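Everything on this sheet refers to the single structure shown next.
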Protein chains: 2
Amino acid sequence: MSSSISPLATPFPALPAIAGVVPHVARAQYKTWDRCDLTFVTLAEGTSVAGVVTQSKCPSPEVEWCRKALTLGTARALVVNAGNSNAFTGHRGRAAVEAIAARTAQHLGCQPSDVFVASTGVIGVPLPIDKAEAGLDAAFTATPCDWRAAAETIGTTDTYPKGAMTTAIVDGRTVTLVGIIKGSGMIAPDMATMLGFIFTDAAVTPGFLQAALNAANRNTFSCITVDGDTSTSDTVLAFATGAAGNAPLDSADSDGADAFAAALADLCAQLALLVVRDGEGATKLIEIAVTGAESDASAHRIAMSIANSPLVKTAIAGEDANWGRVVMAVGKAGEPAERDKLSIRFGETQVAREGLAVEGYDEAPVAAHLKGQEIEVGVDLGLGDGAATVWTCDLTHGYISINADYRS
Amino acid sequence: MSSSISPLATPFPALPAIAGVVPHVARAQYKTWDRCDLTFVTLAEGTSVAGVVTQSKCPSPEVEWCRKALTLGTARALVVNAGNSNAFTGHRGRAAVEAIAARTAQHLGCQPSDVFVASTGVIGVPLPIDKAEAGLDAAFTATPCDWRAAAETIGTTDTYPKGAMTTAIVDGRTVTLVGIIKGSGMIAPDMATMLGFIFTDAAVTPGFLQAALNAANRNTFSCITVDGDTSTSDTVLAFATGAAGNAPLDSADSDGADAFAAALADLCAQLALLVVRDGEGATKLIEIAVTGAESDASAHRIAMSIANSPLVKTAIAGEDANWGRVVMAVGKAGEPAERDKLSIRFGETQVAREGLAVEGYDEAPVAAHLKGQEIEVGVDLGLGDGAATVWTCDLTHGYISINADYRS
């Protein structure tokens, strides 16, 4: 964890234990630091798993491992390494993941394919197998820890630990969902990645868990950006132990499936915003809502063009209602747009309408809105019904300091 | 012009007059500043014109005007306004462009469609027609100026004036090409745009001039990026007066066409790099050469993904050989790439090869290279023959200061 906490940080909430899920942490000493850096979570037999991973064409071997293991749908353990992403390490990186899965399977008496592995940190240095194995051995015999300790241990350049929870009523029973997540940019100095892990006691088949996670991901993790730099290692995994004893949810038609899917989406949204709130150098959380596009996909691309524009992000850092830069970012997105139908608002105040500045709009509420920590930018294209909302943070001297003012 | 000159600036060169081209400057006072801000260039009868303009879906009315006038292929005048881009100003912006063209046509006794107009500066404020007309009247009677004065007058947040020249032998005669350009980001405080203007005494038909400009643009202006933020107003226009008296170049098969096209491409490359050297906050000029891609287009997209990555740009600002960030940017480009075939070099030193760090590579020449002002990053994908080279600058505190540390 960094010593300077994001001004947008929120306190770590009280999170309940999830039956069938036991987290542990240990010191593998992947770097020379005085902290835990290996997280080991055991999962009850019969746990379902679903996941979404980076679309990078240069993924880490952990991502490739998870992608393959996810096809089987069951999980007995999760291992997370912090301080070394093991990405771009060739055959030695693959060997490290295989060794971790094998050692864990040996401890638990399960198949290696039941072990999910994620790593975050420096790129290009093979994860040291001896440290990983020693860390795993220590974690296996360690006293279980709470969610806060696990959230701290998966962090790298995060400035605060991130977790969230929610519940749903399924089949007459209350099921609980807990998630922890880390991420602060693609990275920072030599770290990388957003890793998110969700645990629930609900009984859910792997197929429906995956469908619900895909749907939630589309409107949450896929809608956040700190710097537009997609990591080699991004991974979100959801584990369902079934300990709540509900009749298993196996499709969207199951009783309670809607409630579960909504709860999962809510949890993913909470976790995604926690990452943006810890965006490198962030001082403002920015919501960009695009409406009136030709399709939802088009709206999403336009919203991301705005959210990734360094000129929009620096203007908001400077508390400047520079809607000309928003016009620019709409124009460069390459999506259908008609300048003379475009409307823009900051907060509740319309500043441009149908291709023109709103003459004599009241600047006071706009200035007041921009002074706050949570900024809303609304863009209506006036073309159709397509809509999308994405979240980002401002671009400040803090981002430059974190990423340029050092030598690796 | 800004008072703090880019550390990458180069001196304004001695540029010859071009027969048939007469530049003038005047004070239209688009802003309250003590400088010329209107440039008026008269062109001999029979001047051919070609141009490339922004692909933004929200272009300025100037861009729309030029796009239409270019279909006719002839030009008698160029008017450039600095301090107000006239973009996103609805019907009032269109009226301003029409008024400028009409007033100029009246002065010169030509068609309004022979008048090319470009504007750069704040977005969203209609260009004041009275000031434009008074400025034009003043420019029309003013003493002609030199290229340096014109280059200074088209500038906004540029930190130094930018011009270049070259020559070619066509049909036994020496033809001369001169260009001036402005640009420093999409912008700065509330300014925008790259505007480039090329003048030659060669006789060239509009069709071949356009073909040669398109070809040059593909490898020069389309290969530079400061911040990835495409302006609403980007425009490059090339004017050929024919005063050199060569047999007109009307196709790639004309005698001397190759020499002319090569000279034009050389001039465009010089001008494009002058813009990158004045990138907002830039301290290093970065060349990114991608080879071994599946196609040239794929190589270009990968090179631009690297050039626009804030993490790559901040790493180079920090003189950090962080090739992991280059891997990340290749991976996120969405183009064909195979991690285990990827090789990366900084300067002449190979740091990663076939998906792995080069073990024990000599860090001294890499560190020395990164301390310089001109940085080369080479990426070979090992897949095919596709290649592309693009240029960008680093991302520094200077960029944030220029774009965030103020209120418009």
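Structural remarks
- Using alpha-carbon coordinates, inclination of helix B:257-277 to the longest axis of chain B, degrees: 70
- Eligible lysines near B:Lys131 by straight Cα distance, threshold 19 Å, same-chain separation 8 or greater: B:Lys31
- Amide H contacts for B:Val170 (H built 1.01 Å from N in the peptide plane; partners 5 or more residues away or on another chain; cut-off under 5 Å): B:Val175.
- Farthest positive-ward along the protein assembly as shown dipole, Cα basis, beta-carbon charges - from B:Leu370, B:Thr291, B:Asn81: B:Leu370
- Note on the protein assembly as shown: with charges restricted to the Cβ of Lys and Arg (+1) and Asp and Glu (-1), its dipole about the Cα centre is near 480 debye.
- Copy-to-copy label distances for A:Ala17, where each label lies 7 Å from Cα along Cα-to-Cβ, are 9.2 nm in order of increasing length.
- Beta bridges per DSSP, both residues in the protein assembly as shown: antiparallel share near 70 percent.
- In the assembly of identical copies, A:Gly334 has its label point, taken 7 Å from Cα in the direction of the beta carbon, separated from the corresponding points by 0.6 nm (ascending, one decimal).
- For the stretch A:298-327, heavy-atom accessible area (probe 1.4 Å) falls by no less than 10 Å² from the chain alone to the full protein assembly at A:Pro310, A:Leu311, A:Thr314, A:Gly318, A:Glu319, A:Asp320, A:Asn322, A:Trp323, A:Gly324, A:Arg325, A:Val327.
- Among the listed pairs A:Lys332/B:Lys68; A:Lys313/B:Lys313; A:Lys332/B:Lys332; B:Lys182/B:Lys332, a Cα-Cα separation exceeding 24 Å is found for B:Lys182/B:Lys332.
- Rounded, prolate or oblate (a/c below 1.5 giving rounded, otherwise prolate when a/b exceeds b/c) for the protein assembly as shown by Cα gyration tensor: prolate
- Here the calculated FRET efficiency for B:Glu376 and B:Asp253, from their Cβ-Cβ distance with R0 = 22 Å, stands at 0.05, rounded to the nearest 0.05.
- Label-point separation in nm, A:Ala14 to A:Asp137, each point 7 Å along Cα→Cβ: 4.0
- Projecting the Cα atoms of B:Pro11, A:Ala240, B:Leu213 onto the charge dipole of the protein assembly as shown, computed from C-beta unit charges around the Cα centre, puts B:Pro11 farthest toward the positive end.
- For the stretch B:214-224, putting each phi into the Karplus relation 6.51 cos²θ - 1.76 cosθ + 1.60 with θ = phi - 60° gives couplings of 4, 5, 5, 4, 4, 9, 10, 4, 6, 10, 10 Hz, in residue order, rounded to whole numbers and with x for Gly and Pro.
- Distances between copies at B:Trp33, taken between label points 7 Å from Cα along the C-beta direction, are 4.6 nm in increasing order.
- Oblate is the label for the stretch A:285-405, because the ratio a/c of its alpha-carbon gyration tensor axes (a ≥ b ≥ c) is 1.5 or higher and a/b is not greater than b/c.
- Prolate/oblate/rounded label for the stretch A:21-278 (Cα gyration tensor, a/c 1.5): prolate
- Exposed GluC sites (Glu not before Pro) absent: longest stretch of chain A, with sites in DSSP loops and at most 11 other Cβ within 10 Å deemed exposed: A:1-347
- Mean sequence separation of contacting Cα pairs (under 8 Å, at least six apart), scaled by the length of the stretch A:285-405, corresponds to a relative contact order of 46 percent.
- Percent carbon-and-sulfur accessible area, chain B, ignoring ligands, DNA and RNA, probe 1.4 Å: 50
- Here the Karplus curve 6.51 cos²θ - 1.76 cosθ + 1.60, taken at θ = phi - 60°, turns the phi angles of the stretch B:332-343 into couplings of 7, 5, x, 9, x, 7, 10, 3, 7, 10, 7, 10 Hz, with x standing for Gly and Pro.
- In chain A, the DSSP-assigned H stretches of four residues or longer account for a calculated mean residue ellipticity at 222 nm of -10000 deg cm²/dmol, using -39500 (n - 2.57) per stretch and the full residue count as denominator.
- Whole-Hz couplings from phi, Karplus 6.51/-1.76/1.60, listed for the stretch A:232-248; x for Gly and Pro: 6, 10, 3, 8, 10, 10, 10, 10, 10, 7, x, 5, 5, x, 6, 4, x
- Residues B:Glu348 and B:Arg67, FRET efficiency given R0 of 51 Å [Cβ-Cβ distance, rounded to 0.05]: 0.70
- Leading residue at positive end of dipole, the protein assembly as shown (Cβ point charges), from B:Thr167, B:Pro144, B:Gly179: B:Pro144
- With a 10 Å cut-off around each Cβ of B:80-92, the average count of Cβ atoms from other chains is 3.
- For A:Lys162, residues with placed amide H under 5 Å, excluding near neighbours: A:Ile181
- GNM result for chain A, Cα springs below 10 Å: residue of A:Ile286, A:Ile129, A:Ile198 fluctuating most strongly: A:Ile129
- Set of aspartates and glutamates near A:Lys57 by C-alpha distance (under 15 Å), chain-local residues within fewer than 8 positions excluded: A:Asp229, A:Asp234, B:Glu294, B:Glu335, B:Glu338, B:Asp340, B:Glu354, B:Asp380
- Within the stretch A:275-309: backbone nitrogen closer than 17 Å to the A:Thr389 label point (7 Å, Cα to C-beta): A:275-277, A:285-293, A:296-297, A:299-304, A:307
- A Gaussian network model of chain B, with springs between Cα atoms under 10 Å, assigns the largest mean-square fluctuation among B:Gln210, B:Gln270, B:Gln55 to B:Gln55.
The values are calculated or read from the model by the stated rules, or taken from the named source; none is laboratory data. Since the model is a prediction, treat every value here as computed from it, not as a measurement. Don't worry about glycine lacking a Cβ; one is built from the backbone with ideal geometry, like all the others, and counts go over all protein chains shown. When the accessible area is computed, the model is the full protein with side chains, heavy atoms only, and any ligands, DNA or RNA have been set aside. Shrake-Rupley method; radii C 1.70, N 1.55, O 1.52, S 1.80 Å.
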